[in-house]
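Step one of this worksheet: look at the structure below.
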Amino acid sequence: MNNLKSVSDLIGRAVYGLISLSLGIISLTMMGVALWDIWLSLHEKTLLVAALLNSIGLIVIGMAVFDVSKFMLEEEVLSSSATKSPAKQREALLKFFVIIAIAISLESLVFVFDAGTKDITTLIYPTLLLVSAILVVVGLGVYQRLTRDDGQ
């Protein structure tokens, strides 16, 4: 039975490793495309501000995807979850949600600027996205408060 568990663990680590690698490549590609769009808009004398806003969005999403990729590699491939204490698992979960909260916040700000330059009536959607980012941060605070150790 122990052999079966170690084979299962090895397969799980390999799958998570492939997923992490794929996400890393996708995120770097997104950031490369963003930089390429800026380069093209500079040399073709097209709308630079629109290209910059689009590129910021791509870079922010690419950064968030890269952080998720790095997180998966560190937590699921390189470390053993069987030897993790509850405090370390809680710390890993908080780290993951902080990555998500930062990505949502940055993306909502990009959407706010984009809506402000195009159509002010669509400003409600990025505002709701920003509110959701705030709720994620508040939820993280509540989670930390409820799961903290009293001895610390």
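For the pair L35/T127, report the inter-label distance in nm, with labels modelled 7 Å from Cα in the Cβ direction.
Going by the 7 Å Cα→Cβ label model, 3.7 nm.
With 10 angstrom as the radius, rank S105, S85, S20 by how many other C-beta atoms surround their C-beta, starting from the fewest.
Fewest-to-most ranking of S105, S85, S20: S85, S105, S20.
Between K88, K70, K45, which gets the highest mean-square fluctuation from a Gaussian network model of the chain, Cα cutoff 10 Å?
Highest fluctuation among the options: K45.
Which residue fluctuates most in the GNM of the chain (Cα springs below 10 Å): L40, L58, L23?
Comparing L40, L58, L23 in the GNM, the peak value goes to L40.
Given the DSSP H assignment, sum -39500 (n - 2.57) over each helix run of at least 4 residues in the chain and divide by its residue total; what's the result at 222 nm in deg cm²/dmol, nearest 500?
It comes out at -29500 deg cm²/dmol, rounded to the nearest 500.
Could you give the distance between the Cα centres of segment 107-122 and segment 1-61, to the whole Å?
24 Å
Springs between alpha-carbon pairs under 10 angstrom, Gaussian network model over the chain: which of I120, I56, I38 fluctuates most?
In the Gaussian network model the winner is I120.
Given the chain, report the % of alpha carbon pairs whose separation exceeds 22 Å.
Details: 6557 of 11476 pairs.
The answer is 57 percent, as a whole percent.
Mind checking the dipole of the chain: about its Cα centre, +1 per Lys or Arg Cβ, -1 per Asp or Glu Cβ, Debye to the nearest 20?
On the way: 11 positive and 13 negative charges, 67 e Å.
Using only the charged Cβ atoms, the result is roughly 320 debye.
Quote the Stokes-Einstein diffusion coefficient, in whole µm² s⁻¹, for segment 84-152, based on the Kirkwood radius over alpha carbon pairs, a temperature of 10 °C and a viscosity of 1.306 mPa s.
In µm²/s, the coefficient rounds to 117.
No lab work stands behind these numbers, since they all come straight from the coordinates. All values derive from a computational prediction rather than experimental measurement. Because the Cβ atoms are built from the backbone with ideal geometry, glycine has one as well, and the counts that use them run over all protein chains shown.
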